[in-house]
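Chemist: So that we are looking at the same thing, I have put the structure below in structure tokens.
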Amino acid sequence: MGLQTSDHLVIFGITGDLAKKMTFPSLYNLEKRGLLTTPILGVAFDDWTVERLRDHGKESIKNVEGSIDEAVADRLMARFSYVHGDFSDSTLYSTVAQELSGASAPTFYLEIPPGLFVTVAQKLAAAKLLEGEARVVFEKPFGTSLSSAQELNEQLHAIMREEQIFRIDHYLGKQPIQDLIYLRFANTLLQKIWNGSDVDCIMVTMAENFDVADRGSFYDAVGTLRDVVQNHLLQVVGLIAMEAPVETLTQPRIDLFKTIPSAEPTSVVRGQYDGYLDVDGVAKDSTTETFVALKLQINSLRWGGVPVFIRAGKQMPVTATEVVVRLRHSAGVFMGELRSQNKYEDIILRVGDDPGISLSMKVKSPQDNAIEPVRLDVAFKSALGYVPLPYETLLSNAMAGDSSLFPDQVTEEETWRIVPPILDQPQPVEAY
């Protein structure tokens, strides 16, 4: 049993960069699809009027979407009210409580710095706003280490129930990531080969052809491993390798993560792109990685012996996020001269701007008795229509009380358990 459907959405940090790039466009699309039914209260430090917030929201949507349906945008903005104040000031929460008069199941979305999570949650609890069916959505990062994640969980559990805590990981809101579940378990062909007997290795890649830009101070304290591997990419591995879910996605992912030993420092490569040390906010002697590659093992009957490779980095030659499941070579010799050459058969799931799936196949070359690789490709946008933004899915799920795409406490702590050895014993960074 989940929480009941929310009757009010409250967004702390509504004037921030994340709201401008993600939240407003996602709410606009939910409004356009007829999936938004609640009033929205924006909360921030900035001394704005609600009219200024609405203008800011419409401008944000135009910048992301390129064009805007004025009628839809007007309907969305009519839902907004706004209060401002210091997040540590109890009087702000009295004002919020007045704005929420009559609401029994509010959703509080905290797109604010992690250092304010506990403060805001405690103030909400003191104002009696976390009773009953209320829930709080926390942005990443949820902790910066296993111990800090555990401490944060303890602090939050002192004031609210676990079922009220929604830890957001926007990668789990990506439609192609969710498609992994259906591709695996709804297709007989893939079900039969999704095991260590037929799979040679699994590769998860997140490459970006841009630098850290103006995020130097943030990035230098975090690095690639904490920024995207511990959360986004390990969650992807969980969906790739877990057993079939019976009721929710939570328990199969937990069971899978428990079979992954902590990463070995000697199975990690760390890199730092040329010019990183010149970025504002980056220490001149920084050893923070902007690229990381690591190998993991899964000690299970299904996946024993199959390596999992994870790669992520800035300033790469291309921008691409994909999952490659590489199949083992077939036996190889048949019909005399026709031989299976060293060309792999890959199942490739594209998660980035061109979501889709490709299957690499081996066919006979028309010129001679040789193997020619070809790809069977499906682009999800053209084949299936509109692909929702990640935050559309996650915000609507949170408001519906559905936590299946949000890591729970055990999942969060298990993923943090995997990475400490390579944080505590970091390999030297190599320039690239």
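The values are calculated or read from the model by the stated rules, or taken from the named source; none is laboratory data. These numbers were taken from a predicted model, which means no experiment stands behind them. Cβ placement follows ideal geometry from the backbone for every residue including glycine, while neighbour counts extend to all protein chains displayed. With ligands, DNA and RNA removed, areas are computed over all heavy atoms of the protein, side chains included. Shrake-Rupley method; radii C 1.70, N 1.55, O 1.52, S 1.80 Å.
Chemist: Among the residues of region 125-160, count how many are in a helix (DSSP H, G or I), open to solvent by less than 40 Å² (accessible area, probe 1.4 Å) and small (Gly, Ala, Ser).
Modeler: 3
Chemist: Being under 30 Å from residue 29 (Cβ atoms), of a type in the set (D, E, K, R) and touching a residue at least 24 places away in the same chain (Cβ under 8 Å), is that true of even one residue in region 86-96?
Modeler: no
Chemist: Give me the pairs, please: first residue somewhere in region 49-65 and at pLDDT below 95 and assigned to a helix (DSSP H, G or I), second residue anywhere and open to solvent by 40 Å² or more (accessible area, probe 1.4 Å) and among the small types (Gly, Ala, Ser), beta-carbon distance under 8 Å, and either six or more positions apart or on two chains.
Modeler: If the second residue must be open to solvent by 40 Å² or more (accessible area, probe 1.4 Å) and among the small types (Gly, Ala, Ser), no pairs are left.
Chemist: If residue 334 meets every condition in (1) hydrophobic (A, V, I, L, M, F, W, C); (2) open to solvent by 40 Å² or more (accessible area, probe 1.4 Å); (3) modelled with pLDDT of 95 or more apart from one, which number is that one?
Modeler: For residue 334, the failing item is (3).
Chemist: Restricting to region 344-375, count the residues that are hydroxyl-bearing (Ser, Thr, Tyr) and open to solvent by 40 Å² or more (accessible area, probe 1.4 Å).
Modeler: Residues flagged as hydroxyl-bearing (Ser, Thr, Tyr) and open to solvent by 40 Å² or more (accessible area, probe 1.4 Å) within region 344-375 amount to 1.
Chemist: Has region 221-234 got any residue that is open to solvent by 10 Å² or more (accessible area, probe 1.4 Å) and more than 21 Å from residue 274 (Cα to Cα)?
Modeler: Checked region 221-234: at least one residue is open to solvent by 10 Å² or more (accessible area, probe 1.4 Å) and more than 21 Å from residue 274 (Cα to Cα).
Chemist: Oh, and also: Could you check, for region 376-395, whether at least one of its residues is open to solvent by less than 40 Å² (accessible area, probe 1.4 Å), more than 27 Å from residue 230 (Cβ to Cβ), in a strand (DSSP E or B) and not hydrophobic (A, V, I, L, M, F, W, C)?
Modeler: no
Chemist: Next up: Considering only region 176-233, how many residues are hydroxyl-bearing (Ser, Thr, Tyr), farther than 25 Å from residue 328 by Cβ and either touching a strand residue (DSSP E or B) at 6+ places or on another chain (Cβ under 7 Å) or at pLDDT below 90 (or both)?
Modeler: The number of residues fulfilling the criteria is 1.
Chemist: In addition: Considering only region 295-313, state which residues are touching a strand residue (DSSP E or B) at 6+ places or on another chain (Cβ under 6 Å), crowded, with 21+ Cβ neighbours inside 10 Å and farther than 26 Å from residue 212 by Cβ.
Modeler: 306
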